[in-house]
Amino acid sequence: MNTVEKIKVLESRLQKLASSEKENYGVCRKIRREIHNLQRKSEFGGMS
């Protein structure tokens, strides 16, 4: 799975959790951080 696909999967999961009535702040924060990191990685051409 490439970076763009991972971002899309995480964004859809985040959307489902955010719309849920349950308290998912910690999980949502973790997913947002992962999305941000993947986006930064893809901006730099995958170089670490």
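The values are calculated or read from the model by the stated rules, or taken from the named source; none is laboratory data. Just so it is clear, the structure is predicted and the values come from calculations on it, not from any experiment. Glycine gets a Cβ as well: all are built from the backbone with ideal geometry, and neighbour counts include every protein chain shown. Please note that ligands, DNA and RNA were not included when accessible areas were found on the heavy atoms of the full protein model with its side chains. Shrake-Rupley method; radii C 1.70, N 1.55, O 1.52, S 1.80 Å.
Assorted remarks:
- Test: residue in the range 1-19 that is in contact with a Leu (Cβ under 9 Å, 6 or more places away or on another chain) and either open to solvent by 90 Å² or more (accessible area, probe 1.4 Å) or of a type in the set (D, E, K, R) (or both): yes
- Residues in the range 13-48 that are assigned to a helix (DSSP H, G or I) and free of Cβ contacts under 8 Å to residues at least 24 places away in the same chain: 20 in all.
- Only residues that are surrounded by 12 or more Cβ atoms within 10 Å (Cβ to Cβ) and among the basic types (Lys, Arg) were counted in the range 37-47, giving 1.
- Inclusion of residue 10 among residues that are modelled with pLDDT under 90 and either assigned to a helix (DSSP H, G or I) or of a type in the set (Val, Ile, Thr) (or both) is not warranted.
- Residues of the range 20-36 that are within 9 Å of the chain's Cα centre (by Cα) and open to solvent by less than 80 Å² (accessible area, probe 1.4 Å): 28, 31, 35.
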